Amino acid sequence: MSGTLGGSLSTVPQGQIIDFEKAELRRMPFQDSLYLWVKGRLPAQGFDARLAPRIYNDGRPDYWAIEVAAFSSLVAANDAGDADSLAHENLSFERSVPLTGITGTRGVTVIGANHMQRIEIDGEAF
């Protein structure tokens, strides 16, 4: 899914934007870095989820867009037994990305297939 939105470029031209269930900011223990943590479900077996920050050409936006995307993982089963066990595997995912260098002046926007979530980043919040 490639394209522009407010002077930005998607970083997932070979993937597909997927929905997510929850997105929040987290701090890792013993680190000063702030992370975006996202939870959701993959569309099917054979996909891997990634958080893909958009690329901006015209300065820092108010909210930096981060897309939740699925990419084919190209994992094939060796036999019918493996395929059957994969069919019952949990499709849930949890991903995180450090927000250093990818925050807007006010926060981030998490972009999923069916909704977006704006998250304010307040220096006092963490």
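The values are calculated or read from the model by the stated rules, or taken from the named source; none is laboratory data. Please read all numbers here as calculations on a predicted model, not as lab measurements. Cβ atoms come from the backbone with ideal geometry, glycine included; neighbour counts cover every protein chain shown.
For the range 1-23, the candidate set comprises residues that are of a type in the set (S, T, Y) and either modelled with pLDDT of 55 or more or not in a loop (DSSP other than H, G, I, E, B) (or both); within that set, the residue that is nearest to S72 (Cα to Cα) is T11.
Looking across the range 76-99, the residues that are loosely packed, with under 11 Cβ neighbours inside 10 Å and at pLDDT below 65 come down to A76, N78, D79, A80, G81, D84, S85, A87, H88, E89.
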